[in-house]
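Engineer: Got a structure for you, questions after.
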Amino acid sequence: MSELIEMQNISLKAAEMVEEGRVHKALYSDPAIFEEELDKVFNNTWVYVGHESEVPDAGCYKTAWVGRQPVILSRDRKMNLHVLQNRCRHRGATVCEGRKGKTKSFTCPYHGWGYGLDGALRALPKPEEYEGVLDKNELPLERLRVETYQGLVFATYREDLESLYDFLGGARKWIDLFMKQGGGYPVKVLGEHRFNFPGNWKIQLENTTDAYHFPIIHKSFITSLDDATADIFDFLHGDGFVEDLGNGHSVMVMIPELVDLEDNLDQPIPPRFQKLADELRAEGRSEEEVQKLVRAAHGTGFNLNLFPNVSCSMAFLRVLRPVSVGETEIQHVALGGAGAPAPFNRKRMRLHEHFQGPMGFGTPDDGEAWERVHKGSQAGQDGWILVNRGMNNLHQSPDGNVAGAVCSETGMRGAYRQYKKVMAAGEDK
Amino acid sequence: MSTQTQILNDVTAFIWHESDLLDHKGYQDWLQLWNEDGLYIVPAEFNADGNYEDTLNLALDDADMRSMRVARLENGESVSANSTGNTIRMVSRVRVLEAGDDLVIARCAMTLNEMRHGKLVTYPADVEYRLQPTGDGYRLAGKVVRLMHADSFLRTVSFIF
Ligand code: FES
Ligand SMILES: [Fe+2]
């Protein structure tokens, strides 16, 4: 084991800075490592770009990012999804601005080249100067490979990569469970919160599989809850666990009673959902449907971390984007049911606003902690970040995976193992 | 002084008073300005269309949420609130949009400055006030803070806009 790394002349490669149970702090702050991550991680794996409900109809689009590259997620007239580089093939301008919308085509504002929803270059002004010079068929907006699972849309530059289905692997079963929170309706994006923090993206990657911090940093959130709800969030002593699902994915089950939202539909209505239940009954919903919607309104009792940039986190999606070695943008995407009763979706949004986003009762305290990690980890020439919590207490899950206690750092170790693997790729050549 | 100028003066005085309370963390006094059914709203998009309850907002606080928000900022349990100093906000361009007997609606420009871990963070916003005239001054019946940052990315916020 290397105990000291000479920071002045780093010879260790990023992959060697990851050991089982600790990672070197340079991974948070070295600009050269960051550039390598954009290439080896973000350009070489499946990256989450959006949810199908964000582009429900033909002609819908939303802008997104793959690492530092701007892309467009679009739906063509035949309802096929495309992920296109947002870069005009003429001289490079973005052809689409704004977060989302509906269009018949993407027209570059600079010289007017026009592209279809599938990226094909359809027309350009004054084409005669190009006769014999260029062939439109060779200049579509560049397409990424796109695959979806349960409405989650991922893209990659790699044609030779395993399928998304295989990449998600052991995480699929948890995605299936996560998608039950539409309350019998298809899960739909209701809106999103956007904020950034001055810190490395991996600080955020670690956080959604970190139950240890919850009762400490989120004390002021817990205080704001009624007693019954506060009890539910007091999960460190419960039967929860963290399971390493492979390929960098992991699940952290905090509230085992809320793993399957279609189970236990005969519970009394908790106080914080009483008003919702009354509103649903007033709409004439059956008692069965009221129970199902109220239970779904809780969200699931687990965080599913998908490497490298999305987490299905209890009731919402957390999407991260690395901006620079010391800046990360985060979206907290609120979910509800497509066609679900309005009181249900309203309640889901109010719960989201309570904890999530830059003005929630939870996120600002997370942000403060991450900012301090970023600042504090600059101290000293050498130093390690510990992710060894719970290594003494591992067991095998029913699915045959390594699992640890709910507040163990098992999920972080899984993510860093995958990180090490992709960062080491090509090193031996 | 014309009636219109008088109303503008009264409204501006109210807004400045409210701004001063918030900048100096006079949160309990701020809560007292509100009508019970008033909503404090920070939309998640600058051009949100006004149907706030069916939209995701950064904040949509009824009386309960307002008291809980203030409690979180004051009770010492929130590390981000503890490390937030005073804010300084500038309010200008006040315009009375409607001056009814029961409701006065006004709009103004506001820029809030925060020193966060040694860096100045600035939030420009368009703020709409709904004020209910009473025998002695106005009651706050609604406040909507449209942040320019809402269309982009905010820093996390442990104060009240
Ligand atoms: S850069 Fe797009 S048409 Fe010229
Ligand atoms: Fe947290």
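The values are calculated or read from the model by the stated rules, or taken from the named source; none is laboratory data. All figures in this text were calculated on a predicted structure; none of them were measured in a lab. So basically every Cβ, Gly included, is an ideal-geometry build from the backbone, and we count neighbours across all protein chains shown. Quick note on the areas: whole protein, heavy atoms, side chains included, nothing else; ligands and nucleic acids left out. Shrake-Rupley method; radii C 1.70, N 1.55, O 1.52, S 1.80 Å.
Engineer: Using Cα pairs under 8 angstrom and six or more residues apart, how large is the relative contact order of the stretch A:50-152, in percent?
Structural biologist: 24
Engineer: Considering Cα pairs under 8 angstrom that are at least six residues apart, work out the relative contact order of the stretch A:170-422 and quote it in whole percent.
Structural biologist: Relative contact order of the stretch A:170-422: 32 percent.
Engineer: Additional query: Mind checking the dipole of the stretch A:170-422: about its Cα centre, +1 per Lys or Arg Cβ, -1 per Asp or Glu Cβ, Debye to the nearest 20?
Structural biologist: Here the size comes out at about 760 debye.
Engineer: Mind checking which aspartates and glutamates have their Cα closer than 18 Å to the Cα of A:Lys136? Skip sequence neighbours fewer than 8 apart in that chain.
Structural biologist: A:Asp118, A:Glu128
Engineer: Label the stretch A:255-327 by shape, choosing from rounded, prolate and oblate, from the square roots a ≥ b ≥ c of the eigenvalues of the Cα gyration tensor; if a/c is under 1.5 it is rounded, and otherwise prolate applies when a/b is larger than b/c, oblate when it is not.
Structural biologist: prolate
Engineer: In square angstrom and rounded to 100, what buried accessible area do you get between chains B and A, total over both, with the probe at 1.4 Å?
Structural biologist: Chains B and A together bury approximately 3200 Å².
Engineer: Which of the lysines could a cross-linker span from A:Lys180 if the Cα-Cα distance has to be under 21 Å and same-chain partners fewer than 8 positions apart are dropped?
Structural biologist: Of all the lysines, those that pass the test against A:Lys180 - Cα under 21 Å, at least 8 places apart if same chain - are A:Lys188, A:Lys292, A:Lys347.
Engineer: Is the shape of chain A rounded, prolate or oblate, going by the alpha carbon gyration tensor and its root eigenvalues a ≥ b ≥ c, with a/c under 1.5 for rounded and a/b larger than b/c for prolate?
Structural biologist: oblate
Engineer: What's the magnitude of the charge dipole for the stretch A:50-152 around its Cα centre, counting Lys and Arg as +1 and Asp and Glu as -1 at the beta-carbon? Answer in Debye, nearest 20.
Structural biologist: Working: 17 positive and 13 negative charges, 61 e Å.
For the stretch A:50-152, the charge dipole is close to 300 debye.
Engineer: Sticking with this one: Taking the Cα centre of the protein assembly as shown as the origin, how large is its charge dipole in debye, to the nearest 20, when only Lys and Arg (+1) and Asp and Glu (-1) carry charge on their Cβ atoms? Mind dumping the intermediate values first?
Structural biologist: Details: 64 positive and 85 negative charges, 281 e Å.
Computed about the Cα centre, the dipole is about 1360 debye.
Engineer: Now for a separate question. Write down the accessible area per residue of chain B in Å², having rolled a 1.4 Å probe over the full set of protein chains. Write out the running numbers ahead of the final one.
Structural biologist: Working: 7510 Å² over 161 residues.
On a per-residue basis, chain B sits at 47 Å².
Engineer: Would you mind checking which residues have amide H under 5 Å from A:Ala405's amide H? H placed 1.01 Å from N; only 5 or more apart, or other chain.
Structural biologist: Amide H to amide H, under 5 Å and 5 or more residues apart or across chains, A:Ala405 pairs with A:Val242.
Engineer: What angle, in degrees between 0 and 90 and rounded to the nearest 10, separates the Cα long axis of helix B:3-23 from the longest principal axis of the Cα atoms of chain B?
Structural biologist: With both axes taken from Cα atoms, the answer is about 20 degrees.
Engineer: Enter the angle in degrees (range 0 to 90, nearest 10) between the Cα long axis of helix B:63-74 and the first principal axis of the Cα atoms of chain B, meaning the one along which they spread out most.
Structural biologist: Its long axis makes an angle of about 50 degrees.
Engineer: Under 27 Å Cα to Cα from A:Lys13, which lysines show up? Leave out anything in the same chain fewer than 8 places away.
Structural biologist: Leaving aside lysines fewer than 8 places away in the same chain, those within reach of A:Lys13 are A:Lys25, A:Lys40, A:Lys202, A:Lys375, A:Lys420, A:Lys421, A:Lys429.
Engineer: Quick one: accessible area per residue over the stretch A:264-319, 1.4 Å probe, rounded to a whole number of Å²?
Structural biologist: I get 38 Å² per residue for this part.
Engineer: In addition: Mind listing the lone cysteines of chain A, meaning no other Cys beta-carbon sits under 4.7 Å from theirs?
Structural biologist: A:Cys60, A:Cys96, A:Cys312, A:Cys407 - these cysteines have no disulfide-compatible partner (Cβ-Cβ under 4.7 Å) in chain A.
Engineer: Moving to a separate point now. So, in nm, how far is label A:Lys13 from label A:Ala425 when the simple model puts each one 7 Å beyond its Cα toward the Cβ?
Structural biologist: 1.3
Engineer: Could you tell me the relative contact order of chain B? Use alpha-carbon pairs under 8 Å, at least six residues apart, and round to a whole percent.
Structural biologist: Computed over chain B, the figure is 24 percent.
Engineer: Got a sec? Charge dipole of the protein assembly as shown, +1 on Cβ for Lys and Arg, -1 for Asp and Glu; which of A:Gly400, A:Tyr416, A:Trp201 is way out at the positive end?
Structural biologist: The residue sitting farthest along the positive end of the dipole is A:Trp201.
Engineer: Given H placed on each backbone N at 1.01 Å, which residues far from A:Glu192 in sequence or on other chains put an amide H within less than 5 Å of it?
Structural biologist: Counting only residues 5 or more places away or on other chains, the set is A:Ala334.
Engineer: Taking a ≥ b ≥ c as the square roots of the eigenvalues of the Cα gyration tensor of the stretch A:64-222, is the shape rounded (a/c under 1.5), prolate (a/b larger than b/c) or oblate?
Structural biologist: prolate
Engineer: If you don't mind, another one. If you roll a 1.4 angstrom probe over the protein chains with everything in place, what fraction of the accessible area of the protein assembly as shown belongs to carbon and sulfur, to the nearest %?
Structural biologist: Accessible surface attributable to carbon and sulfur in the protein assembly as shown totals 50 percent.
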